[in-house]
1. Over 29 Å between Cα atoms, which of Lys9/Lys289; Lys22/Lys404; Lys314/Lys407 qualify?
2. For the range 339-408, take every pair of Cα atoms, bin their distances at 10 Å starting from 0, and report each bin as a whole percent.
3. Mind checking the dipole of the chain: about its Cα centre, +1 per Lys or Arg Cβ, -1 per Asp or Glu Cβ, Debye to the nearest 20?
4. Give the share of C-alpha pairs in each 10 angstrom bin for the range 232-305, from 0 to the last occupied bin, in whole percents, shortest bins first.
5. Using alpha carbons only, how many angstrom separate the centre of the range 278-336 from the centre of the range 43-61?
6. State the percent of C-alpha pairs, over all pairs in the range 286-381, separated by a distance greater than 15 angstrom.
7. Ratio of Rg to Rh for the range 175-297, alpha carbon only, Kirkwood?
8. So if I average 1/r over every pair of distinct C-alpha atoms in the chain and take the inverse, what Kirkwood radius in Å does that give?
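The values are calculated or read from the model by the stated rules, or taken from the named source; none is laboratory data. It should be emphasised that the depicted structure is a prediction, and the values quoted were computed from it without experimental measurement. With ideal geometry, Cβ positions are generated from the backbone for all residues, glycine too; neighbour counts draw on all protein chains shown. Just the protein is used for accessible areas: all its heavy atoms, side chains included, with ligands, DNA and RNA removed. Shrake-Rupley method; radii C 1.70, N 1.55, O 1.52, S 1.80 Å.
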Amino acid sequence: MIQINENYKKLQASYLFVEIAKRVAEFQKKNPDKSIIKMGIGDVTKPLPEACLKAFHDGVDEMAGEASFKGYGPEKGYEFLRQAIAENDFHSRGVSITANDIFVSDGAKCDTGNFQELFSNSSRVAIPDPVYPVYVDTNVMAGRSGVAKGSRYEGFQYMEGSEANGFVPGPEGVEADLIYLCYPNNPTGAVATKEQLQKWVDYALKNKALILFDAAYEAFITDPEIPHSIFEIPGAEKVAVEFRSYSKTAGFTGTRCAYTVIPASCVVWDAEGNEYSLQNLWNRRHSTKFNGVSYPVQKAAAAIYTEEGKAQVKELIDYYMNNASIILKKMKEAGFSCTGGVNSPYIWVNTGRDSWETFDMILNKAAVVLTPGSGFGQCGEGYIRISAFNSLENVEKAMDRITKALKS
Ligand code: MLT
């Protein structure tokens, strides 16, 4: 008799965004004439930048020629892309990451979800609350947690975010081997300063811990003082891995391309205290379980780093950040306390009401989809997350509808 992985029985019935999609589909079925505006899942709405499209087409054309055709690519990604990443995303900020430290993949969700399998099941895991649910669920699947207690799991350490700490909890009181950090934060939109990140790096150096740093939203940082990469923090190259994505940066949610950075100096240990290169371990995993991102997609991603690509990506980001500033302004005018929306496409709004009830009320009264804060953890109760990924016209329409619904 084939038996299931018992850890799956601990999970909540469905993934947050699947539950939201289910409720939205039911509402649409009952109200076929209502035009729903989606500001729930952070999915981009604008087309790929011209430069990426052109490179994408060129890549496809190359697949048509005998001489230019490509079969399997290098597992870590094509050198042309990894080199462009190292120069543009790191060297330009004074960070000495090399092409060799970079692993191209099909998504930061997959990488942040898969990375935990390199570590022992006895690793103590520190998870932010509120949190992007992938970090939690994948550690539950792997067997690092006990059973669910409400929206939490026994065995995890929760780093509580609140308005009091600006949704940037520090390492005080944490005893963990594996630490998940995400800045600009999903879902709160909060950002961490260099000093705040330095505390985490110092903690990891002192305790031989590892930071898994999700920087999927770094392109939305507008404040010049805020670090874009954990590797801007001295010592991080020994104790951190960073996840980046083109999904939100350049509209690649449906195209799929991302990358993970593991510096050569980053090591982990076995039970006997022997040292292992994290880069080698991930290389072993990546080359066994993954066959690379398609050549045309990597060509499209590399075009982000051309002069015209950079200008077009900036235009995209500015467009969404203009939406974010409108949402933030409207929510503040309506009297709600908000986080995010300045260095992030997410606005985290304290409605002071039950999150799922607010979600249902706004869906029913305003036909707008938001994300209930409690879907990101216990500390998200009372909040809703509004995503700036939509057209300006829809954002303006949605804000009118939401403010009316919240007042009623
Ligand atoms: C979100 O809405 O939190 C994200 O779009 C989810 C994701 O990137 O997987």
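1. Details: Lys9/Lys289 25 Å; Lys22/Lys404 25 Å; Lys314/Lys407 36 Å.
Distance filter (> 29 Å) returns Lys314/Lys407.
2. Reading the bins upward from 0: 21, 56, 23, 0.
3. The dipole of the chain has a size of about 1200 debye.
4. Computed distribution, short to long bins: 16, 38, 32, 12, 2.
5. About 13 Å separates the Cα centre of the range 278-336 from the one of the range 43-61.
6. Working: 3351 of 4560 pairs.
Of all Cα-Cα pairs in the range 286-381, 73 percent lie more than 15 Å apart.
7. Rounded to two decimals, Rg/Rh equals 0.99.
8. Working: mean 1/r = 0.0453 Å⁻¹.
Hydrodynamic radius (Kirkwood, Cα only) of the chain equals 22.1 Å.
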